[in-house]
Amino acid sequence: MTTVEKPPYERPIGYGRLLRKEDPRFIRGKGNYVDDINLPGMLYGAILRSPYAHARIKSIDVSAATSLPKVVAVITGKDLEPLKLAWMPTLSQDTQAVLATDKVRFQGQEVAYVVAEDRYAARDALELIDVDYEILPAVVDPRKALEPGAPLIRDDKEGKTDNHIFDWESGDSAATDAVFAAADVVVKQDMFYPRSHPAPMETCGCVAQVDPIDGQLTLWATTQAPHAHRTVYALVAGLPEHKIRVIAPDIGGGFGNKVGVYPGYVCTIVAALVTGKPVKWMEDRSENLMSTSFARDFHMHGEIAATKEGKILGVRVNVIADHGAFNGTAQPSKYPAGFFHMFTGSYDLAAAHCKVTGVYTNKAPGGVAYACSFRITESVYLVERMVDCLADELGTDPAELRLKNLIKPEQFPYTTKTGWEYDSGDYEVTLRKALDKIGYSELRKEQAEKRQRGELMGIGVAFFTEAVGAGPREHMDILGLGMADGATLRIHPTGKAVLGVSCQSTGQGHETTYAQIVGEELGIPPEDIDVVNGDTDRTPFGLGTYGSRSTPVSGAATAVVARKVRERARIVAAAMLEASADDLEWEKGRFFVKGDPERGKTIQEIAMGAHGSVHLPDGIEGGLDAETVYNPPNLTYPFGAYICVVD
């Protein structure tokens with residue numbers, strides 16, 4: 001006889017330990033990713049990419065490629081120009097070539113797009129395209145790109161004579177200079193946070209299909225922001241937005257890499273329009289690494305000022321930011337350097353100032369919120385490295401120096417010298433718990449003993465404050481689209497629920513998390529709640545998942561919409577119980593009359609009543625559903641400590 005062991009915990013209705021709802025399909029290999037989409041008559045796309053970082057295109061000969069069996073079309077930038085599709089807007093108000101027309105500006109840039117009956121023929125045809133390049137000098141160091149006489153990258157921009165993109169500052173320069181002038185100790189350090197790539201397990205790709213009858217475009221895409229993509233395609237291609245449906249099925253990791261709109265997406269849409277057939281394009285690993293959005297690439301000069309006793313007074317920073325050949329960073333419009341002005345970290349300072357200069361280079365464009373919110377990893381690295389340098393200069397323990405300067409609990413809410421308002425925190429307790437947990441004092445003794453024997457042992461300490469849940473929308477937008485998220489919730493007559501959210505899961509477990517939030521608010525078991533995301537026709541508008549914002553914003557929207565449903569349920573329950581709504585009390589999953597706990601209705605009974613013949617007060621409609629748009633009043637500021645020991 002086969003028995004099934006019960007888990008060593010109760011299955012919660014709401015918050016608590018719970019097996020993920022989405023995992024059964026994933027662990028069985030039944031996930032539905034973009035490359036799993038196969039449609040009748042589907043064609044396949046492949047992209048020819050430049051082998052050079054900087055070169056002028058003298059000519060492109062596609063005749064041999066078009067004559068290859070199974071090849072349906074070869075599209076170049078010249079073909080896109082009459083359609084006004086050769087260039088597209090980036091998420092940072094710049095423009096980017098869809099297919100290069102005048103010259104290529106980074107190695108791996110898109111030059112031509114082949115459409116064929118199978119992916120192998122499409123790839124073979126790439127080898128037959130003959131591009132005559134005039135190789136130009138390339139510049140990959142942003143500091144050299146700013147020098148007079150450096151190769152001009154964006155000569156497509158009228159009147160452009162250099163590689164400068166922007167200068168951006170935060171803080172009080174004069175106050176900071178005064179603090180530094182009066183300081184006992186000033187330490188300076190040059191740092192380079194090198195370019196890194198998110199490298200999600202699944203590369204980028206899409207399937208485009210155009211309905212020949214009503215002109216509806218359906219795009220299955222590897223996107224973290226389906227609604228934002230739909231708006232961009234409407235702006236780029238001139239298609240009516242209500243005739244565009246973007247579906248993000250299961251996504252195999254994002255990490256910011258799948259926020260932006262890539263030329264491959266636009267080319268695939270064009271190919272579907274031109275051929276009248278569905279077209280699939282999936283990049284390979286090399287293409288993903290060489291051409292899609294990166295993170296970091298900050299050249300930073302930091303300075304820290306302090307008293308001789310170790311009181312930190314100020315931090316001053318100058319950054320040169322490498323944005324690649326096109327400014328395609330995915331971050332709020334008013335923050336061209338992201339949230340780098342979080343560089344004050346977790347410390348109580350008298351003054352702070354930073355200046356960030358954005359620069360074009362002959363490298364792939366990007367600049368995404370990878371493993372953090374927008375550019376906060378760079379800012380935390382900067383300030384923590386400077387604190388370590390100061391500790392070394394003063395000959396003091398780096399943990400003790402941090403403890404002396406951390407913001408104290410009674411100082412919250414705390415406004416930093418660059419304008420952030422931290423809501424709450426207990427930094428000292430957090431760091432001390434980390435020190436105690438690892439046995440910091442004993443480790444320092446061990447380190448001293450090893451050094452006497454000539455052995456090396458490193459102990460690293462770091463503290464961070466992050467800013468997540470980007471909003472409110474009046475302060476933060478991308479391409480004019482405010483950073484707020486929507487949620488819709490419908491309870492069926494039998495008490496089952498469907499939640500629609502505007503964010504997009506890329507592996508975080510949203511189907512479980514949001515079902516638990518609804519379950520906690522309404523008392524409906526998570527298994528009775530379907531969470532829908534990634535489909536612009538089935539979900540409310542919102543800006544998607546990136547910068548650690550999905551649960552703080554879409555999760556909050558979920559809680560708000562569930563509470564709206566609960567208030568509607570109160571009115572329905574009052575009608576069913578022939579009582580005043582004010583006389584009802586709530587316990588998870590049930591309303592009952594005050595003083596008479598036996599007289600009540602469960603949320604399932606209320607759902608049936610809401611769809612039945614119960615007489616409701618004037619102005620109250622039947623059904624049990626609600627919708628909301630959540631505009632976060634502020635970001636949230638998680639914090640923590642890291643300690644690392646290396647022998």
> Hey, rough spin-label estimate for E309 and L83, points 7 angstrom out along Cα→Cβ, what's it come to in nanometres?
Replying inline: 7.0
>> What is the ratio of the Cα radius of gyration of region 516-639 to 2.2 N^0.38 Å, with N the residue count, to two decimals?
In response: 1.21
> If the chain between L479 and R538 were fully stretched, how many nm would it gain, using 0.36 nm times the residue separation less the Cα-Cα distance?
Replying inline: 18.9 nm
>> So, R0 is 60 Å and r is the distance between the beta-carbons of R453 and E585; what FRET efficiency does that work out to, to 0.05?
In response: 0.30
> Once both labels are modelled 7 Å past Cα along the beta-carbon direction, what's the S59-E117 spacing in nm?
Replying inline: 3.1
>> Using 0.36 nm times the number of residues separating N38 and D184, minus their current alpha carbon distance, what extension gain do you get?
In response: 45.7 nm
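Calculate the FRET efficiency for I27 and E527 from the Cβ-Cβ distance with a Förster distance of 22 Å, rounded to the nearest 0.05.
Numbers: r = 17 Å, r/R0 = 0.77.
Between I27 and E527 the formula returns 0.80.
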>> Considering all alpha-carbon pairs of the chain, what whole percent are spaced by more than 48 angstrom?
In response: 25
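Going by average Cβ neighbours within 10 Å, how do the peptides 600-609, 74-83 rank, with the highest at the top?
Working: 600-609: 21.5, 74-83: 17.5.
My ranking of the peptides, most packed first, is 600-609, 74-83.
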> Mean separation of Cα pairs under 8 Å and 6+ residues apart, divided by the residue count of the chain: what relative contact order is that in percent?
Replying inline: 15
> About the Cα centre of the chain, what is the dipole size in debye to 20, counting +1 per Lys and Arg Cβ and -1 per Asp and Glu Cβ, all else neutral?
Replying inline: 500
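Could you calculate the FRET efficiency of S424 with S67 from 1/(1 + (r/R0)^6), where r is the beta carbon distance between them and R0 is 60 Å, rounded to 0.05?
Values: r = 68 Å, r/R0 = 1.13.
Efficiency, from the Cβ-Cβ distance: 0.35.
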>> Going by Cα centres, region 175-244 and region 433-469 are how many Å apart?
In response: 37
> If contacts are Cα pairs under 8 angstrom and at least 6 residues apart, what is the relative contact order of region 499-569 in percent?
Replying inline: 44
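Before anything else, pin down the relative contact order of region 1-158: Cα pairs under 8 Å, at least 6 apart, normalised by residue count, whole percent. Don't skip to the answer; put the middle values down first.
Working: 221 pairs, mean separation 46.5, N = 158.
Here the relative contact order equals 29 percent.
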> Looking only at region 291-313, which residues have a backbone nitrogen under 12 Å from a spot 7 Å from the Cα of R143 in the C-beta direction?
Replying inline: 299-302
> Antiparallel as a % of all DSSP beta bridges within the chain, to the nearest 5?
Replying inline: 85
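Wrap a convex hull around the Cα atoms of region 204-267, take a quarter of its surface area, and give that in square nanometres. Let's see the in-between values first.
Details: hull surface 16.3 nm².
That works out to 4.1 nm².
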> How far is it, in nm, from the label point at Y642 to the one at D177 when both lie 7 Å from their Cα along the line to the Cβ?
Replying inline: 3.5
> Taking a point 7 angstrom from the Cα of N634 along the C-beta vector, which residues in region 411-441 have backbone N less than 19 Å away?
Replying inline: 411-428
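Contour minus end-to-end for D596 and L443, with contour as 0.36 nm per residue of separation and end-to-end as the Cα-Cα distance? Don't skip to the end; give the middle numbers.
On the way: separation 153, 0.36 × 153 = 55.08 nm, distance 6.13 nm.
Gain in length upon complete extension: 48.9 nm.
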> For region 109-225, what ratio Rg/Rh do Cα atoms give with a Kirkwood hydrodynamic radius?
Replying inline: 1.14
> So which of K188/K334; K144/K334; K243/K277; K188/K311 end up more than 23 Å apart by C-alpha?
Replying inline: K188/K334; K144/K334
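Per the helix-only calculation at 222 nm, which mean residue ellipticity applies to the chain, given -39500 (n - 2.57) for every DSSP H run of n ≥ 4 and division by its residues, nearest 500 deg cm²/dmol?
Rounded to the nearest 500, it is -7500 deg cm²/dmol.
FYI, it's all coordinate maths here, none of it is from the lab. Note that the coordinates shown come from a computational prediction; the quantities given were computed from them, not determined experimentally. Ideal geometry is used to build each Cβ from the backbone, glycine not excepted, and the neighbour counts take in all protein chains shown.
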